[in-house]
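Take a look at the structure below.
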Amino acid sequence: MLSEQLLNVMKMFCEPSFYEDFSTSTEIINVINQLSLGQLNTNREKYVLSCLILSVQEALESSIQKAADSAVMSDLTKLVDELKQFQSTLLSEERAMH
């Protein structure tokens, strides 16, 4: 499962003001809650999660490029690595199901 730190970063993407359709924010919150419980079941949840993973990864990688502090850069890199590993695990599980 994901670290609390990475889940907190993902939760920042729930801000309703980011989206024209406020239900998007609610949907992201629901997916993060399901993810933290290890209970992603529907294709819609998996789709929302894949979009969220891409957005979070892009934001983290952008932050790494802008980071001046090596400790911050290291922490962000660890989060990106964790996210990539999680995405790889999800893909493997999905392949095994089909």
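The values are calculated or read from the model by the stated rules, or taken from the named source; none is laboratory data. Keep in mind that this is a model prediction, so the values were computed, not measured. Note: ideal-geometry Cβ built from the backbone for every residue, glycine included; neighbour counts use all protein chains shown. Just so you know, the surface numbers come from the protein's heavy atoms only, side chains and all, with ligands and any DNA or RNA stripped out. Shrake-Rupley method; radii C 1.70, N 1.55, O 1.52, S 1.80 Å.
Entry remark, the range 84-98: residues being open to solvent by 90 Å² or more (accessible area, probe 1.4 Å) and either in contact (Cβ under 8 Å) with a residue 24 or more places away in the chain or among the hydroxyl-bearing types (Ser, Thr, Tyr) (or both) number 1 in total. Counting residues in the range 4-22 that are hydroxyl-bearing (Ser, Thr, Tyr), farther than 25 Å from Glu61 by Cα and assigned to a helix (DSSP H, G or I) gives zero.
If you scan the range 29-83, which residues turn out to be of a type in the set (Lys, Arg), exposed (fewer than 13 other Cβ atoms within 10 Å of the Cβ) and at pLDDT 90 or above? Don't jump to the end; show me each part of the working.
As a first pass, look at the range 29-83 and keep what is of a type in the set (Lys, Arg): 44, 46, 66, 78.
Then keep just the ones that are exposed (fewer than 13 other Cβ atoms within 10 Å of the Cβ); that gives 44, 66.
Residue satisfying the conditions is Lys66 alone.
The set of residues from the range 1-24 being open to solvent by less than 90 Å² (accessible area, probe 1.4 Å), free of Cβ contacts under 8 Å to residues at least 12 places away in the same chain and within 26 Å of Asp75 (Cβ to Cβ) comprises Asn8, Glu15.
Table: residues versus (1) over 23 Å from Glu27 (Cα atoms); (2) part of a helix (DSSP H, G or I).
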| residue | (1), (2) |
| --- | --- |
| Leu40 | no, no |
| Lys46 | no, yes |
| Leu52 | no, yes |
| Val56 | no, yes |
| Ser63 | yes, yes |
| Ala68 | yes, no |
| Ser88 | no, yes |
